[in-house]
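*Asks:* This is the structure I have questions about; it appears just below.
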Amino acid sequence: MSRFVFKMPDVGEGTAEAEIIKWHVVVGQEVKDEQPLVDIMTDKAMVELASPVSGRIVLLNGEEGTKAAVCSELIVFEVEGSEAKAITVTAVAPVIPAIANTTAGKALAAPTVRARAAALGIDLSSIAGTGPAQRIQHNDLDAVLLARKPMAPPATGPVMRPKEVGVEDIKIYGLRRRIAERIQDSKRRIPHFAYVEEVDVTELEALRAELNAAQSTKGHVTVLAFLIRALVKAIADNPGVNAHFDDVEGVIRRFTSIHVGIATQTERGLLVPVIHHAETMSLWQLASEIERLSGAARSGKASREELTGSTITVSSLGALGGIAATPIINPPEVAVIGVNRMAERPMVRDGAIVVRKMMNLSSSFDHRIVDGFDAASLIKTVKDCLESPTFLVT
């Protein structure tokens, strides 16, 4: 019998760590080659890792919701046979010295255990681990704490209140934690400025109804498809918003291709599938791609490629869109276009009050890169295109 150590793989460009979302196996379980082991998440894509060998699991490192560094020890298998020996030589060799050092006086323990021991002032070399290969685990630290004499409570300091009845603590991890981190980073690093404009979509809605009735075989055209067509035309005159800003390197990367992120609400949280090369698509192709990508995101089947690479993002809450909003930029992008709900309003046209279908666009821009004039110019072009929608039907 020998051991095979499976390390956290690099599942994305420049990825330093990945989050453990769900274990599909337990310690002691016999697994087969290619059997699913664990779901991990990096950036906004979920990846299922399969077993590279057949054997028995003797150690799982990390609880669900914790992060593991790339190339760190993730799973230890007990394997047998000649095949195991070959695999051990090629895959386990880099971690054998760490195991051998246990007998040389270096305690074997996970990074979280080491950190906790240091905080508690516990010398790991004085503990006999109860885990596999005498690995020190959290329960071993608990035993040391129980053996210590109880300490007197501090004379001063805040009084810890008991947990309030009716309050539920919900651990944030997975996609929700990743969303929280990205939004916090965006608001902390990017000086947002908002720009709101109203658009008369009466003619657009009439044309859309006509197209959907006459071209049913081509699919259903949505307002979002018209908006992206308008955005493509507007970017041609305002290319500075179709860009990424690397604020570490101090470099603006301006793109000629337009890859539009579509903010999509799912059961797991907000995902942003991407319409790549939107500038090459017709109105009906955009409508079809919006439907396909949104469905893939909601069903959890969107690929990494379909969830990355956007150069500008469009966010819409449809009928729940409110009157105005301040959408948050998806870094490293420099602009996000928000769509508010459509509603009939009394408007003045040629000196008369008429009822028109109106819709607001609420957009945010990175003020380090986009000036107010450029933002206004972009949105004005989008507005003009939407109010004269026949130019978008190609």
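*Asks:* Of the residues that sit in segment 277-297 and are of a type in the set (S, T, N, Q) and over 28 Å from ILE369 (Cα atoms), which one is most open to solvent (accessible area, probe 1.4 Å)? Give the steps one after another, and end with the answer.
*Replies:* Let us first name the residues in segment 277-297 that are of a type in the set (S, T, N, Q), namely 280, 282, 285, 288, 294.
Still in the list and also over 28 Å from ILE369 (Cα atoms): 282, 285, 288, 294.
Details: SER282: 27, GLN285: 98, SER288: 65, SER294: 13 Å².
Ranking the candidates gives GLN285 first.
*Asks:* Within the bounds of segment 115-127, is there any residue that is at pLDDT 85 or above and either polar (S, T, N, Q) or closer than 14 Å to VAL5 by Cα (or both)?
*Replies:* Among the residues of segment 115-127, not one is at pLDDT 85 or above and either polar (S, T, N, Q) or closer than 14 Å to VAL5 by Cα (or both), which makes the answer no.
*Asks:* Related question: Kindly indicate whether SER362 is open to solvent by 60 Å² or more (accessible area, probe 1.4 Å) and in contact with a Gly (Cβ under 6 Å, 6 or more places away or on another chain). Quick ask: steps written out before the conclusion?
*Replies:* Numbers: open to solvent by 60 Å² or more (accessible area, probe 1.4 Å): no; in contact with a Gly (Cβ under 6 Å, 6 or more places away or on another chain): yes.
Spelling it out, it is not the case that SER362 is open to solvent by 60 Å² or more (accessible area, probe 1.4 Å) and in contact with a Gly (Cβ under 6 Å, 6 or more places away or on another chain).
*Asks:* Continuing with the same structure: Kindly indicate which of SER315, SER303, SER294, SER310 is out of contact with any Leu (no Cβ under 8 Å at 6 or more places or on another chain), assigned to a strand (DSSP E or B) and in contact (Cβ under 8 Å) with a residue 12 or more places away in the chain. Spell out the reasoning first.
*Replies:* Details: SER303 fails: assigned to a strand (DSSP E or B); SER294 fails: assigned to a strand (DSSP E or B); SER310 fails: assigned to a strand (DSSP E or B).
Checking each option against the conditions leaves just SER315.
*Asks:* Residues that are surrounded by fewer than 22 Cβ atoms within 10 Å (Cβ to Cβ) and among the acidic types (Asp, Glu), at least 1 per element: which strands (runs of 3 or more DSSP E) completely within segment 218-276 meet that?
*Replies:* Working: elements: 243-246, 251-254, 260-266, 269-271.
Filter on segment 218-276 gives 243-246.
*Asks:* Follow-up. Looking only at segment 44-55, filter to residues that are surrounded by 15 or more Cβ atoms within 10 Å (Cβ to Cβ) and not aliphatic (A, V, I, L, M); which one of those is nearest to GLY129 (Cα to Cα)?
*Replies:* If we filter segment 44-55 for residues that are surrounded by 15 or more Cβ atoms within 10 Å (Cβ to Cβ), which is where we start, we get 44-47, 49, 51-55.
Narrowing the set further to residues that are not aliphatic (A, V, I, L, M) leaves 44, 51-52, 54-55.
Working: LYS44: 37, SER51: 27, PRO52: 28, SER54: 27, GLY55: 24 Å.
Of everything passing the filter in segment 44-55, GLY55 is nearest to GLY129 (Cα to Cα).
*Asks:* Same structure again: Restricting attention to segment 61-70, does a residue exist that is out of contact with any Phe, Trp or Tyr (no Cβ under 7 Å at 6 or more places or on another chain), among the basic types (Lys, Arg), surrounded by fewer than 20 Cβ atoms within 10 Å (Cβ to Cβ) and at pLDDT below 90?
*Replies:* Step one: list which residues in segment 61-70 are out of contact with any Phe, Trp or Tyr (no Cβ under 7 Å at 6 or more places or on another chain), which gives 61-63, 66-70.
Now restrict to residues that are among the basic types (Lys, Arg): 67.
Filter again for surrounded by fewer than 20 Cβ atoms within 10 Å (Cβ to Cβ), leaving 67.
Narrowing further to those that are at pLDDT below 90: 67.
There is at least one residue in segment 61-70 that is out of contact with any Phe, Trp or Tyr (no Cβ under 7 Å at 6 or more places or on another chain), among the basic types (Lys, Arg), surrounded by fewer than 20 Cβ atoms within 10 Å (Cβ to Cβ) and at pLDDT below 90.
*Asks:* Considering only residues that are farther than 27 Å from ILE328 by Cβ and of a type in the set (D, E, K, R), which ones fall in segment 192-228?
*Replies:* Residues satisfying the conditions are ASP200, GLU203, GLU205, ARG208, GLU210, LYS218.
*Asks:* Still on this structure, I have one more. Filter segment 298-340 down to residues that are among the charged types (D, E, K, R) and surrounded by 15 or more Cβ atoms within 10 Å (Cβ to Cβ) and give me whichever is nearest to ILE235 (Cα to Cα).
*Replies:* Start the filter on segment 298-340 by keeping residues that are among the charged types (D, E, K, R), which leaves 298, 301, 304-306, 333.
Filter again for surrounded by 15 or more Cβ atoms within 10 Å (Cβ to Cβ), leaving 298, 304, 306, 333.
On the way: ARG298: 29, ARG304: 26, GLU306: 22, GLU333: 14 Å.
Among those that are among the charged types (D, E, K, R) and surrounded by 15 or more Cβ atoms within 10 Å (Cβ to Cβ), it is GLU333.
*Asks:* Could you list, in sequence order, all residues of segment 242-280 that are hydrophobic (A, V, I, L, M, F, W, C) and out of contact with any Ser or Thr (no Cβ under 9 Å at 6 or more places or on another chain)?
*Replies:* Step one: filter segment 242-280 for residues hydrophobic (A, V, I, L, M, F, W, C), giving 243, 245, 248, 251-252, 255, 258, 260, 262-263, 270-272, 274-275, 278.
Selection gives PHE245, VAL248, VAL251, ILE252.
*Asks:* State yes or no: is THR280 hydroxyl-bearing (Ser, Thr, Tyr), out of contact with any helix residue (DSSP H, G or I) (no Cβ under 8 Å at 6 or more places or on another chain) and more than 30 Å from ILE21 (Cα to Cα)? Talk me through it step by step, then tell me what you get.
*Replies:* Working: hydroxyl-bearing (Ser, Thr, Tyr): yes; out of contact with any helix residue (DSSP H, G or I) (no Cβ under 8 Å at 6 or more places or on another chain): yes; more than 30 Å from ILE21 (Cα to Cα): yes.
Taking the combined requirement at face value, the residue satisfies it.
*Asks:* Regarding segment 309-318, can at least one residue be identified that is under 25 Å from the mean Cα position of the chain (by Cα), modelled with pLDDT under 95 and not small (Gly, Ala, Ser)?
*Replies:* Yes, because at least one residue in segment 309-318 is under 25 Å from the mean Cα position of the chain (by Cα), modelled with pLDDT under 95 and not small (Gly, Ala, Ser).
*Asks:* Residue by residue through segment 56-71, note down the ones that are in contact (Cβ under 8 Å) with a residue 40 or more places away in the chain and either β-branched (Val, Ile, Thr) or at positive phi (or both).
*Replies:* Looking only at segment 56-71, we keep the residues that are in contact (Cβ under 8 Å) with a residue 40 or more places away in the chain, and these are 58-59, 61-71.
VAL58, GLY62, GLY65, THR66, VAL70, CYS71 - these are the residues of segment 56-71 that are in contact (Cβ under 8 Å) with a residue 40 or more places away in the chain and either β-branched (Val, Ile, Thr) or at positive phi (or both).
*Asks:* Could you grab me the full set of residues in segment 183-217 that are open to solvent by 20 Å² or more (accessible area, probe 1.4 Å) and not in a helix (DSSP H, G or I)?
*Replies:* Within segment 183-217, PRO191, HIS192, PHE193, ALA194, TYR195, VAL196, GLU197, GLU198, GLN215 meet the criteria.
*Asks:* Then there's this: Condition first: buried (at least 18 other Cβ atoms within 10 Å of the Cβ) and either of a type outside the set (Asp, Glu) or touching a Gly at 6+ places or on another chain (Cβ under 7 Å) (or both). Can you find one or more residues in segment 345-355 that meet it? If you could, list the steps in order and put the result at the bottom.
*Replies:* Within segment 345-355, the first condition is being buried (at least 18 other Cβ atoms within 10 Å of the Cβ), and the residues that meet it are none.
No, every residue in segment 345-355 fails to be buried (at least 18 other Cβ atoms within 10 Å of the Cβ) and either of a type outside the set (Asp, Glu) or touching a Gly at 6+ places or on another chain (Cβ under 7 Å) (or both).
The values are calculated or read from the model by the stated rules, or taken from the named source; none is laboratory data. Everything numeric in this text was worked out from a predicted model, so none of it was measured. Don't worry about glycine lacking a Cβ; one is built from the backbone with ideal geometry, like all the others, and counts go over all protein chains shown. Just the protein is used for accessible areas: all its heavy atoms, side chains included, with ligands, DNA and RNA removed. Shrake-Rupley method; radii C 1.70, N 1.55, O 1.52, S 1.80 Å.
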